[in-house]
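Asks: There's a structure below that I have some questions on.
The values are calculated or read from the model by the stated rules, or taken from the named source; none is laboratory data. Predicted, not measured: the structure shown is a model, and the values here were computed from it. Neighbour counts are summed over all protein chains in view; Cβ atoms, including those assigned to glycine, are modelled from backbone coordinates with ideal geometry.
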Amino acid sequence: MSAPQSKHVYYNVHALRGGKPELGDIALNDYHLVFRFPPESVTAADLQSKKRVRQVWFAFHVIGQCTLRLTAPASGVPSSIRIRFRDFTFVCFNFTDDKQARDAFEFIRARTCRLGSIENLLAFNYTPPPGSPENKINGWELYDARAEFRRQGISEKSADVGWRITNINKDYTFSPTYPAVLAVPSKISDNTLKYAAAFRSRARIPTLSYLHPINNCTITRSSQPFVGIRGKRSIQDERLVGACFSASMDTLDATYPTNTNTDRSPSSSHVDLSAESQDSDPPLSESERMRMEDELIAGANTQYDEKTGKRLIYGAQQHNLIVDARPALNSYAMQAIGMGSENMDYYRFAKKVFLNIDNIHVMRDSLDKVISAIKDADISPFPPNRDLLAKSKWLKHIGGILDGSAIIARQVGIQHSHVLIHCSDGWDRTSQLSALAQLMLDPYYRTIEGFIVLVEKEWLSFGHMFQLRSGHMSHEHWFTVDSDALAGSTIRPGETEGRGDAIENAFASAKRLWNKSMGAEKDAASTELEEPSVVDEAKQGYAPIAEDQATRPRDVSPVFHQFLDATYQLLRQHPTRFEFNERMLRRLLYHVYSCQYGTFLFNNERQRREARLHERTRSVWAYFLSRRQEFTNDQYDPTIDDHTKGRERLIFPRLGEVRWWYQLFNRTDDEMNERVAAYQASSGSSEPGTGSGDSASSSRHFQPPGLTASQSVLTSVETAHEALTPEARTVASLNRSASAGGMPGAFGALQDRLSGLAIGKGVFGTAIGSTSTGKILPGARFRKRMMEDKR
């Protein structure tokens, strides 16, 4: 990019990073802060130093927090601007003059959160430098939905494999947040799709995302159904889901193991595999946990006679799954507002599992704790606060997402089954699970071009709301003035940015605690105390932002960041299976926020096309492909051989080896993962930990930060068995009568489901692996009880 004209220049400013000062000059243009060092005052007197001048560019829209700290002129302490960037760069600029600090702060704020329109972002004004390889590549042409479906074997001209391309959404009127090109079962007409759309949130019907090239099993995705407390159903939706699970039946491999167990299977189970126990039984190994997850899913995979309720045995059974990514409590609570999860009485050809993956508010709060742990990286050379890192539960969330994705990948790639994924609207957790599962299943997505196609398909095309989740238009509350600094005190590591923070944090914590159980946090920023502005805002002349473009802090969440972090874990654990390297993931996250390219602007495919981004902006993929060598993994081995260890088609995560992505946080491996190594050394396992000290004995008092090998994100399995067995129905209705207290049937059923979610209890009774008192059975007794319940 040609150097833009500087609007303001401030001389002899000290920049602090890692507690180390560097003297230089600041130049501000419309989109960047440019720090040049050594300063002009030095280079003017020393011609040799001119050759050593360096520039560091900071994009305004990568700013996550900017604080102006003014000091009294007589205090001798310089006024400063502390900036936290969303690529986890922390810088503090100390000015010799408080007016300069104030002017610079207001200029940055005006160019960041007061632009008025998305079309004033850098992407609409960016052109690569003349002669740049970027100019030869049109990144917008890289992804073609029809070409990707052709690669999977689906097109209008190819043989029918059970799926067809429909143009029902070509003008985005059918489902505005879905892509224009959809693949649906061949035997389902567009008319049926229209009726089915009324049963799914935002008309996001079950549609194909991935067709396995060997066994023709599928990953489909959708949003939640409109079940409500009255248990509504849709015949068209049931036909559509059933067709998704049988579209390729004729070409499936029929060699499945036969389950000879003829006893009844429980209608539902709620298993807390992640619960810790004080018992002395040894924890489950990684392979045991994976086997138990598969057995728990397969154990309920039975068909029953409508009249007698007896088990029907076939030569082969698929473990077809409906995966609800939400905690079961959240899913059932959505029924109260007319939504919810599938009633498995009407989807007898499948099972439903709940994954205990938290919502966007929990994930945002988790990342905020990580930021608090490293927030002094500008003024301090010391390591991050490891206690806060552990309390963030960030690694636990990453491990849970990986575990859920691995369950899906095993069902498709090993169990030869079909999977339908959804959460609430089907554009956050659903995108994470679907994309990661495909990354584990298909080596193509582990190439540079394939990974680009995966991001385009699962995130951009299927409507992940990048604009809202990333906060591209920034927010006024991200710019604060620390007026307490007028007392003249200096900044010390661990200090807050002002005395009002304690009060604000207390209010915010109280609100989060109040809303936590339902996952419906309010926007804490909306009740924050307003800082006094040092400049009359009326003089700034900024345009108001349209409501549909404005950043709402309650909608900002690191969903895509978590996907990249989970991808990093796979790359780290399987370094020869990926063509791209860790740096590509880091730069991709940076450009999600930089707004330099049009790729991640707006919230869905329809909005991007209406804004004509492919004509008016550059694609970020041109940046990566023009620098291919920089982002290529030197260890990559493209050979696929399922008979050679390390070259298999399928890859799976090792949850006990989830680590901090230390490069992203601009820290060393030791600084971020020291306690992980200490836990390994003390426990003699490969599981991550957060020991408090150097000794093995002290580290045992701390819990591992992520999912360990013996833990699982899988919490519940539901089937239609209750509807097919008179004995089970009688027991269930008696339970409802006792718990509902005479409430109407629909409300009683919902209350029964909610009350059944006590710790260690099943959705409709005692959990597999639990006692009558709700205590989770660990280790060998867990497995024994599980087998007894199956019999």
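Asks: Of all residues in the stretch 49-88, how many are crowded, with 17+ Cβ neighbours inside 10 Å and not in a loop (DSSP other than H, G, I, E, B)? Before you say what the answer is, go through the steps one by one.
Replies: Here is the first cut: in the stretch 49-88, the ones crowded, with 17+ Cβ neighbours inside 10 Å are 58-71, 77-88.
If we keep only those that are not in a loop (DSSP other than H, G, I, E, B) as well, we get 58-69, 79-85.
Total meeting the criteria: 19.
Asks: With (1) without any contact (Cβ under 8 Å) to a residue 12 or more places away in the chain; (2) closer than 30 Å to F560 by Cα as the list, and W57 as the residue in question, which single condition is left unmet?
Replies: (1)
Asks: For the stretch 223-253, how many residues meet the condition of being within 23 Å of M334 (Cβ to Cβ), modelled with pLDDT of 95 or more and among the charged types (D, E, K, R)?
Replies: 4
Asks: While we're looking at this one, here's another question. Pull up the stretch 132-167, narrow it to residues that are touching a strand residue (DSSP E or B) at 6+ places or on another chain (Cβ under 8 Å) and assigned to a loop (DSSP other than H, G, I, E, B), then point me to the one that is surrounded by the fewest Cβ atoms within 10 Å (Cβ to Cβ). Working first, answer last.
Replies: Residues of the stretch 132-167 that are touching a strand residue (DSSP E or B) at 6+ places or on another chain (Cβ under 8 Å), as a first pass: 146, 149, 152-156, 161-166.
When the remaining residues are screened for being assigned to a loop (DSSP other than H, G, I, E, B), the result is 152-156, 161-162.
Details: Q152: 20, G153: 16, I154: 21, S155: 17, E156: 9, V161: 17, G162: 21.
Among those that are touching a strand residue (DSSP E or B) at 6+ places or on another chain (Cβ under 8 Å) and assigned to a loop (DSSP other than H, G, I, E, B), it is E156.
Asks: Can you find a residue that is in a loop (DSSP other than H, G, I, E, B), farther than 24 Å from H561 by Cβ and hydroxyl-bearing (S, T, Y) anywhere in the stretch 338-346?
Replies: yes
Asks: Further question: Only one of (1) crowded, with 21+ Cβ neighbours inside 10 Å; (2) part of a loop (DSSP other than H, G, I, E, B) is not met by P129, so which one is it?
Replies: Of (1) crowded, with 21+ Cβ neighbours inside 10 Å; (2) part of a loop (DSSP other than H, G, I, E, B), only one is false for P129: (1).
Asks: Given the structure, is R647 out of contact with any His (no Cβ under 9 Å at 6 or more places or on another chain) and buried (at least 16 other Cβ atoms within 10 Å of the Cβ)? Reasoning before the result, please.
Replies: Details: out of contact with any His (no Cβ under 9 Å at 6 or more places or on another chain): yes; buried (at least 16 other Cβ atoms within 10 Å of the Cβ): no.
Against the criterion (out of contact with any His (no Cβ under 9 Å at 6 or more places or on another chain) and buried (at least 16 other Cβ atoms within 10 Å of the Cβ)), R647 does not qualify.
Asks: In the stretch 205-219, how many are assigned to a loop (DSSP other than H, G, I, E, B) and not hydrophobic (A, V, I, L, M, F, W, C)?
Replies: Within the stretch 205-219, residues that are assigned to a loop (DSSP other than H, G, I, E, B) and not hydrophobic (A, V, I, L, M, F, W, C) number 5.
Asks: Search the stretch 417-463 for residues being among the charged types (D, E, K, R) and under 15 Å from L208 (Cβ atoms), and hand back the single one that is surrounded by the most Cβ atoms within 10 Å (Cβ to Cβ).
Replies: In this case the residue turns out to be E458.
Asks: I'm trying to understand the selection: among the residues of the stretch 358-373, which are acidic (D, E), surrounded by fewer than 19 Cβ atoms within 10 Å (Cβ to Cβ) and farther than 12 Å from R84 by Cβ? Even if it seems obvious, please write down each step before you answer.
Replies: Taking the stretch 358-373 first, the residues acidic (D, E) are 358, 365, 368.
Among the residues that remain, those that are also surrounded by fewer than 19 Cβ atoms within 10 Å (Cβ to Cβ) are: 368.
Result: no residue meets the conditions.
Asks: Taking A196 and the conditions (1) assigned to a loop (DSSP other than H, G, I, E, B); (2) buried (at least 20 other Cβ atoms within 10 Å of the Cβ); (3) small (G, A, S), which numbered condition does it fall short on, given that it satisfies the others?
Replies: (1)
Asks: Out of (1) of a type outside the set (F, W, Y); (2) at pLDDT below 95; (3) out of contact with any helix residue (DSSP H, G or I) (no Cβ under 7 Å at 6 or more places or on another chain); (4) farther than 28 Å from R667 by Cβ, the odd one out for R102 is which?
Replies: Result: R102 passes all but (2).
Asks: Sort through I26, I108 and tell me the only one that's part of a strand (DSSP E or B) and surrounded by 14 or more Cβ atoms within 10 Å (Cβ to Cβ).
Replies: I26
Asks: Checking the condition over 17 Å from Y444 (Cα atoms), surrounded by 19 or more Cβ atoms within 10 Å (Cβ to Cβ) and in contact (Cβ under 8 Å) with a residue 60 or more places away in the chain, which residue from F580, F560, F652, F631 passes? First the steps, then the outcome.
Replies: Numbers: F580 fails: over 17 Å from Y444 (Cα atoms); F652 fails: over 17 Å from Y444 (Cα atoms); F631 fails: over 17 Å from Y444 (Cα atoms).
Of F580, F560, F652, F631, the one residue that is over 17 Å from Y444 (Cα atoms), surrounded by 19 or more Cβ atoms within 10 Å (Cβ to Cβ) and in contact (Cβ under 8 Å) with a residue 60 or more places away in the chain is F560.
Asks: Continuing with this model, one more query. Run R552 past the list (1) within 23 Å of D358 (Cα to Cα); (2) buried (at least 22 other Cβ atoms within 10 Å of the Cβ) and report the number of the one that doesn't hold.
Replies: (2)
Asks: Return the residues of the stretch 592-618 that are buried (at least 19 other Cβ atoms within 10 Å of the Cβ) and more than 14 Å from S461 (Cβ to Cβ); say none if nothing qualifies.
Replies: The answer is V592, Y593, S594, C595, Q596, Y597, G598, L601, T617, R618.
Asks: Scan (1) surrounded by fewer than 22 Cβ atoms within 10 Å (Cβ to Cβ); (2) at pLDDT 95 or above for the single condition I398 breaks and write down its number.
Replies: The failed condition is (1).
Asks: Follow-up. Can V9 be described as at negative phi, of a type in the set (A, V, I, L, M), surrounded by fewer than 20 Cβ atoms within 10 Å (Cβ to Cβ) and out of contact with any Ser or Thr (no Cβ under 8 Å at 6 or more places or on another chain)?
Replies: It is true that V9 is at negative phi, of a type in the set (A, V, I, L, M), surrounded by fewer than 20 Cβ atoms within 10 Å (Cβ to Cβ) and out of contact with any Ser or Thr (no Cβ under 8 Å at 6 or more places or on another chain).
Asks: Enumerate the pairs (first residue in the stretch 346-371 and under 18 Å from W661 (Cβ atoms); second residue anywhere and assigned to a loop (DSSP other than H, G, I, E, B) and among the polar types (S, T, N, Q)) with beta-carbon separation below 9 Å, excluding pairs fewer than 6 apart on the same chain, so at least 6 apart or on different chains.
Replies: These pairs meet every condition: M363/S557; R364/S557; L367/S557.
Asks: OK, next. Inspect all residues belonging to the stretch 418-441 and state whether any of them is over 16 Å from F563 (Cβ atoms) and assigned to a helix (DSSP H, G or I).
Replies: For the stretch 418-441, residues over 16 Å from F563 (Cβ atoms) and assigned to a helix (DSSP H, G or I): absent.
Asks: Could I ask something else about it? Within the stretch 371-385, is even one residue part of a loop (DSSP other than H, G, I, E, B), more than 12 Å from the chain's Cα centre (by Cα) and among the polar types (S, T, N, Q)?
Replies: Taking the stretch 371-385 and keeping what is part of a loop (DSSP other than H, G, I, E, B), we get 375-385.
Now drop any that are not more than 12 Å from the chain's Cα centre (by Cα), which leaves 375-385.
Remaining after also requiring among the polar types (S, T, N, Q): 380, 385.
Yes, there is a match, as at least one residue in the stretch 371-385 is part of a loop (DSSP other than H, G, I, E, B), more than 12 Å from the chain's Cα centre (by Cα) and among the polar types (S, T, N, Q).
Asks: Scan the stretch 180-188 and tell me whether some residue there is out of contact with any helix residue (DSSP H, G or I) (no Cβ under 7 Å at 6 or more places or on another chain) and charged (D, E, K, R).
Replies: So far as the stretch 180-188 goes, no, none of its residues is out of contact with any helix residue (DSSP H, G or I) (no Cβ under 7 Å at 6 or more places or on another chain) and charged (D, E, K, R).
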